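Each remark here refers to the structure printed beneath this line.
Each value in this text was obtained by applying a stated rule to the coordinates, not by laboratory testing. Keep in mind it's a predicted model, so treat the numbers as computed, not measured. Here the Cβ positions follow ideal geometry from the backbone for every residue, glycine too, while neighbour counts run over all protein chains shown.
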Amino acid sequence: MGRRLANEVVSFLKNKLDKYSRHGGCRELKLSFVGHSIGNVIIRSALSEPKLQPFLKNLYTYMSISGPHLGYWYSSNSLFNSGLWLMKRLKGLQCMHQLTFTDEQDPQNTFFYKLCKVHRLNLLASC
């Protein structure tokens, strides 16, 4: 989902830049994201895509509302835990396994761990 979002954003930005160049120059380009819940993880994943890297200098705002940035490792709500278990078993959705750190045996090979490492490197490179 992050890759698809990155592709869509890059396509949109390229169209905007082409339009600006045909009409006498480019205005300042500001890129903003607002995410809620799982959308925040999708946005973070998109921002780590190589295709979007040239546009990160234009990142202006990122607002995260109720995002599971650390996944759902522990929950004391048995109803919630039952729902997650059911979604993983019935649907087999990869994102459910990623959210609960069951996509790999070694926690350092999980999607969330790797995503945090990529963002850390990107932040260090931009400083």
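Details
- Ordering of 17-23, 48-54, 94-100, 109-115 by packing [mean C-beta count within 10 Å, highest first]: 94-100, 109-115, 48-54, 17-23
- Gain in span if fully extended, Lys51 to Val34, counting 0.36 nm per residue against the direct Cα distance: 4.1 nm
- Amide H contacts under 5 Å for Leu31: Leu59, Tyr60, Thr61, restricted to partners 5 or more places along the chain or on a different chain, H placed in the peptide plane at 1.01 Å from N.
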